[in-house]
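The values are calculated or read from the model by the stated rules, or taken from the named source; none is laboratory data. Everything quoted here is computed from the prediction, not taken from an experiment. Cβ sites come from the backbone with ideal geometry, for glycine too, and all protein chains shown count toward neighbours. Only protein heavy atoms, including side chains, enter the accessible area calculation; ligands, DNA and RNA are left aside. Shrake-Rupley method; radii C 1.70, N 1.55, O 1.52, S 1.80 Å.
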Amino acid sequence: MDADTKKTVAAVSSVIWSALLTVMKFVVGIITGSLGILSEALHSALDLLAALGSLFAVRIAARPADEEHPYGHGKVENLMALVETALLLATAAWVIKEAVERLMSDSPDALHVETSIWAFVVVIVSLVIDVNRAAMLKRVAKETKSAALEADAAHFASDIWSSAAVLLGITGAACVGFTQEGSVLHWILLRADVLASLGVVMLILHICYELGMKAINNLMDKSDGEAAEKIRELMKTRMPAYPVTRMRVREVGMKVYTEIEVAVPRELHVDTAHEIADAIEDLIASEIPEAETIVHMQPSAQAEDTPELLIRRIALTHRFGVHGLVLMQSEQGLVIFTDLELPPHATLEGWHVAIQAFRNEVQRKLNATDVIVHVEPNVRELPSYRAPIPKDWESKVRHAMISLGAPLPTRIQLYTQGAHRLCIICIPMEFSLNVQESHDRISAINKRLRAELPDMAKLIVTYE
């Protein structure tokens with residue numbers, strides 16, 4: 001059963017029970033003259049209107065988004081919650097008026113309540129129905145994030161307490177005859193029904209405040225702090241390379257609409273930026289399935305480079321590759337060492353000026369005491385393998401991985417160029433490991449695989 005069907009079934013059930021309780025309470029209230037029961041009957045009548053409104057609201061909210069309502073129709077439930085709040089306030093005003101008039105009246109009949117077994121029956125039946133109905137509506141409202149059903153659930157939860165107060169009131173009225181006229185207990189029990197009705201009013205006013213504020217906050221697009229914090233934590237732990245600079249979150253019914261701005265390198269290609277945005281949207285949707293996310297990439301022009309990134313950036317401008325970068329803060333100041341990668345047939349005389357320019361620029365921009373460079377050829381050659389490629393080479397790799405207790409490969413690919421061979425073995429990403437742990441694990445697997453399959457190819461294990 002989908003969310004819209006669940007909401008409709010719950011709303012129809014609420015309408016049926018509200019109609020039944022309203023009729024029962026009005027009949028018994030008129031017969032007994034109990035203000036408490038009559039106030040409960042009016043409360044139930046308004047609950048019936050509210051339940052009908054909720055049924056109407058959930059059906060409207062189920063309509064898909066269109067050109068005029070791009071965010072859907074979910075906020076009609078918040079509007080209905082405000083209508084229910086207004087109806088409850090009207091009920092509270094009437095009960096207060098009646099209670100004050102009865103307490104201030106000089107007529108002995110003003111406080112008289114005709115108690116009967118039916119008064120107790122209707123209140124007890126109402127309690128049982130409200131307990132089950134409130135629990136059902138609260139569960140469905142939580143599952144479907146329905147503001148209208150949540151309002152209904154809150155109403156019927158308050159009805160439990162108000163019915164208990166009315167039960168106390170009519171019990172007091174029934175016990176008046178057993179007390180001495182003129183005593184404090186007689187005075188309290190004589191007015192128990194009216195005092196119980198005022199207790200009902202206090203509960204109604206409290207519910208009105210909570211429902212009204214929540215509906216207003218949703219209509220004014222108050223930020224969902226819980227969802228926003230969840231998204232920030234997700235980005236911080238799963239995508240730390242792209243820090244969140246700004247975020248807006250709004251709720252419309254079950255949907256959570258998120259606009260998120262992340263800082264990215266200013267040199268990022270548009271295709272790569274698109275792929276990163278898709279990955280962020282998928283990440284948020286995996287944790288908040290009802291979320292629709294728009295990602296904006298903000299070039300981090302003002303973000304300062306780390307010293308390592310700055311050195312690599314300077315090296316690229318001078319057409320060098322760098323590795324083995326070491327930064328050491330000595331007593332004399334910052335000392336930098338790096339390997340520079342040059343073409344193997346390049347002459348030192350031809351590259352001397354570029355090397356010196358690189359050193360000077362790094363020293364100046366990082367205020368370094370000394371910049372030391374070591375020149376290396378940027379050639380990585382594959383070894384030759386004279387033995388023929390085994391027919392079952394892929395099976396051999398898999399069996400070797402299993403024997404090592406390594407994750408099963410997701411992809412095994414063999415590339416050849418004459419006598420040169422390169423075998424790439426991809427294994428699933430292990431998110432529980434940090435960078436150092438994953439590096440150590442891959443290195444260990446590589447080493448043992450080379451020992452198991454020494455004459456097949458250059459073996460490189462990496463994460464998919």
Could we say that residue 326 is modelled with pLDDT of 85 or more and either open to solvent by 30 Å² or more (accessible area, probe 1.4 Å) or part of a helix (DSSP H, G or I) (or both) here?
yes
Looking at (1) free of Cβ contacts under 8 Å to residues at least 24 places away in the same chain; (2) in a strand (DSSP E or B), find the lone condition where residue 394 falls short.
(2)
So, in the stretch 289-343, how many residues would count as being among the charged types (D, E, K, R) and touching an Asp or Glu at 6+ places or on another chain (Cβ under 7 Å)?
3
Failed item, numbered, when residue 364 is tested on (1) basic (Lys, Arg); (2) assigned to a helix (DSSP H, G or I); (3) touching a residue at least 12 places away in the same chain (Cβ under 8 Å)
(3)
It is to be established whether one or more residues within the stretch 339-361 are open to solvent by less than 80 Å² (accessible area, probe 1.4 Å), in contact (Cβ under 8 Å) with a residue 12 or more places away in the chain and in a loop (DSSP other than H, G, I, E, B).
yes
Residue pairs within 9 Å by beta carbon, gap of at least six or interchain, first lying in the stretch 402-423 and of a type in the set (Ser, Thr, Tyr), second open to solvent by less than 30 Å² (accessible area, probe 1.4 Å), listed first then second, are 410/426; 410/427; 415/421; 415/423; 415/457; 416/457
Condition first: of a type outside the set (D, E, K, R), open to solvent by less than 80 Å² (accessible area, probe 1.4 Å) and under 18 Å from residue 401 (Cβ atoms). Now tell me which residues in the stretch 414-442 satisfy that.
414, 422, 423, 424, 425, 426, 427, 428, 433, 438, 442
Residue under question is residue 370, and the condition is that it be within 36 Å of the chain's Cα centre (by Cα), modelled with pLDDT of 85 or more and either open to solvent by 50 Å² or more (accessible area, probe 1.4 Å) or among the acidic types (Asp, Glu) (or both); does it hold?
no
Does the stretch 255-280 hold any residues that are within 15 Å of residue 296 (Cβ to Cβ), within 14 Å of the chain's Cα centre (by Cα) and open to solvent by 60 Å² or more (accessible area, probe 1.4 Å), and which are they?
259
Do we have any residue at all in the stretch 295-306 that's among the charged types (D, E, K, R), open to solvent by 90 Å² or more (accessible area, probe 1.4 Å) and touching a Leu at 6+ places or on another chain (Cβ under 9 Å)?
yes
